[in-house]
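Below: one structure, written as structure tokens.
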Amino acid sequence: LEELEALLRKKKEKESKEEWKKPSLQESFPKLVLASGSPRRIELLKLLGFSPTVYPSGADESSAEKDPALLTQRLAFLKAEEVQRHFDSETLLIAADTVVFDGEKILGKPKTEEEAYAMLSGLSGKVNWVYTGVCLLYGEKKMGFCEKTTVYLSKMSDREIRTVYLSKMSDREIREYIATGDPMDKAGAYGVQGPFARFVKGIEGDFCNAIGLPIARLYQALKRFREEL
């Protein structure tokens, strides 16, 4: 047993030394492009030490896919492949797509305030799931995954929904709120990190995923991706 423990210690010491010899992720991928203009994804990616070049995808995102996991992964790959045409083969592309699933239908970003109201009233007091599909693309090398986060919303009255998100506020509050663009640029018409947080009763899973990019899983994927290049 002592010999086995000694061997395990030596193995761990060797692995630790080898880990220190490896270049950092920033050194491994000096040219990194985020195929998204989302300010939330940009800030989340910076948590990993990257300062990405931002190049939003212009790919057609229309799809008849009903499975949120498959949909988000397919759209993430589509976005990455569309943007890759504008960069060289030594550039790492990261693309993501996020949707909210209420158990029956997939909710993207609302196009109108009334659509936002319909989404919020439908989600009120219920559980929903945030899916984010991610694609890593480097030359011909690809990797993808999907992360799911469960969000529990407390019960809101019709008055509360309209007061916070639509028009039962003062004229100044309405104008200031509309000027922020929130919730019009968010899947499901809400963001857990914004004023909607007062209605979020609980979260199971990656909080960052609910914002738009699962940082913990992305970090592990980048390390694995580096090893496989």
Each residue of the stretch 55-70 in turn: what ³J(HN,Hα) in whole Hz from Karplus with 6.51, -1.76, 1.60 and θ = phi - 60°, glycine and Pro shown as x?
9, x, 7, x, 5, 6, 9, 5, 7, 9, 4, 9, 8, x, 5, 5
Amide H of Leu213 versus every other amide H placed in the peptide plane: which residues, excluding those fewer than 5 positions away on the same chain, fall under 5 Å?
none
Using θ = phi - 60° and Karplus 6.51 cos²θ - 1.76 cosθ + 1.60, couplings along the stretch 95-101 (whole Hz; Gly, Pro as x):
10, 8, 9, 10, 9, 10, 10
Can you list residues from other chains, or at least 5 along the same chain, whose modelled amide H is less than 5 Å from the amide H of Thr91?
Gly139
Note, ³J(HN,Hα) from phi for the stretch 118-129, Karplus 6.51, -1.76, 1.60, rounded to Hz, x at Gly and Pro
4, 5, 5, 5, x, 8, 3, x, 10, 9, 9, 10
For Gly125, enumerate residues with amide H under 5 Å from its amide H, sequence gap 5+ or separate chain, H modeled in the peptide plane.
Leu153, Ser154, Lys155, Met156
Theoretical FRET efficiency, 1/(1+(r/R0)^6), r = Cβ-Cβ of Lys141 and Ala216, R0 30 Å, to 0.05
0.85
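Where a number appears in this text, it was derived from the coordinates with a stated rule and is not lab data. Because the structure is a prediction, the values reported are computed rather than measured. Cβ atoms come from the backbone with ideal geometry, glycine included; neighbour counts cover every protein chain shown.
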